[in-house]
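None of the figures in this text is laboratory data; all of them are computed from the coordinates on show. Worth saying up front: this structure is predicted, and the values here are computed from it rather than measured. With ideal geometry, Cβ positions are generated from the backbone for all residues, glycine too; neighbour counts draw on all protein chains shown.
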Amino acid sequence: MKPPKITDAEWQVMKIIWENKYCTANDIVKEISRITDWKPNTTRTLINRLLKKMC
């Protein structure tokens, strides 16, 4: 089985998660907003996509 492909935007979210092992969605939104101009819903959508790809 091939590993799921993830987008560059999803990689950015994953980097935040890896750097902050124990973080909530709100923590991820706060961190990602420091380096991007994404709206909170954009980040939450990316988190949900990643969750679906990992299941």
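For the chain, the convex hull drawn through the C-alpha positions has a volume of 80 cubic angstrom per residue. Each of Ala25, Thr36, Met1 was placed along the dipole of the chain (beta-carbon charges, centred on the mean Cα), and the one lying farthest toward the positive end is Met1. Looking only at Lys21, Lys30, Lys39, which one moves most when the chain is put into a Gaussian network model with springs between Cα atoms under 10 Å? Of Lys21, Lys30, Lys39, the most mobile in the Gaussian network model is Lys21. How much net charge surrounds Trp18 when only other residues with a Cβ under 15 Å from its Cβ are counted (Lys, Arg +1; Asp, Glu -1)? Here the count lands on -2. Straight-distance candidates among the lysines for linking to Lys53, with alpha-carbon spacing under 17 Å and chain neighbours fewer than 8 residues away dropped: Lys2, Lys5, Lys15.
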